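In what follows, a single structure is set out as structure tokens and then discussed.
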């Protein structure tokens, strides 16, 4: 499937808005305000924010039991403002769709989450199953490496603010995690999730968690 360019998406968004509202200045004002509204409560607005060190990370801030509250999506951007605007506009819709699909494979509130211990041990909960493992933090790059139950070795981007965590993966890694944990490899819902996430270039997806 051909991936959708975020810049093209932003241009289309501006074009449709122009037809409805009129006036370039008014369009830019509304888009800018929309981006602020969407991002105001977010932990991060892009992977760039994570890597640049805007999220305070340490074994102490990560340690604890984190429960799933919904999916998280972010777009990796360079220094292109339109990429951020297009990502903000698409973020909410994509997360709502992904929430529904993940629920169908058992990843939902109260049934999924992670426990990270300061000694480097961890566990991932999925329903009544617990997958033990270990974790290490790369604070400089805002990444966490997780090894679980001898079947999963995966790297994710991580951000923590107060009692909220955002854990993001590249699309391939997320699909590997979901398939491994759910033990489902041939499933129409999994294919739908893969198709959804692969529509967009530079997309990272994962989980919103609370402690």
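The values are calculated or read from the model by the stated rules, or taken from the named source; none is laboratory data. Only a predicted model underlies this, so the values are computations on that prediction, with no experimental measurement involved. Cβ placement follows ideal geometry from the backbone for every residue including glycine, while neighbour counts extend to all protein chains displayed.
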Single unsatisfied condition, residue 127 versus (1) in contact (Cβ under 8 Å) with a residue 12 or more places away in the chain; (2) over 11 Å from residue 68 (Cα atoms); (3) under 19 Å from the mean Cα position of the chain (by Cα): (3)
Which numbered condition residue 119 fails, given (1) over 20 Å from residue 71 (Cβ atoms); (2) in contact (Cβ under 8 Å) with a residue 40 or more places away in the chain: (2)
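Is it the case that residue 151 is modelled with pLDDT under 95 and surrounded by 18 or more Cβ atoms within 10 Å (Cβ to Cβ)?
On the way: modelled with pLDDT under 95: yes; surrounded by 18 or more Cβ atoms within 10 Å (Cβ to Cβ): no.
Criteria not met by residue 151.
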Residue 189 passes all but one of (1) buried (at least 16 other Cβ atoms within 10 Å of the Cβ); (2) touching a residue at least 60 places away in the same chain (Cβ under 8 Å); (3) under 21 Å from residue 91 (Cβ atoms); which number fails? (3)
Taking the residues in region 109-140 that are out of contact with any strand residue (DSSP E or B) (no Cβ under 7 Å at 6 or more places or on another chain) and on the phi > 0 side of the Ramachandran plot as candidates, determine which candidate is surrounded by the fewest Cβ atoms within 10 Å (Cβ to Cβ). 110
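Considering only residues that are closer than 17 Å to residue 126 by Cβ and in contact (Cβ under 8 Å) with a residue 12 or more places away in the chain, which ones fall in region 168-186?
To start, the set of residues in region 168-186 that are closer than 17 Å to residue 126 by Cβ comprises 169, 173-185.
Within region 168-186, 169, 173, 174, 175, 176, 177, 178, 180, 181, 182, 184 meet the criteria.
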Among (1) out of contact with any strand residue (DSSP E or B) (no Cβ under 9 Å at 6 or more places or on another chain); (2) buried (at least 17 other Cβ atoms within 10 Å of the Cβ); (3) touching a residue at least 12 places away in the same chain (Cβ under 8 Å) - the single one residue 204 does not satisfy: (1)
Without any contact (Cβ under 8 Å) to a residue 40 or more places away in the chain, surrounded by 20 or more Cβ atoms within 10 Å (Cβ to Cβ) and closer than 24 Å to residue 119 by Cβ: does that describe residue 165? no
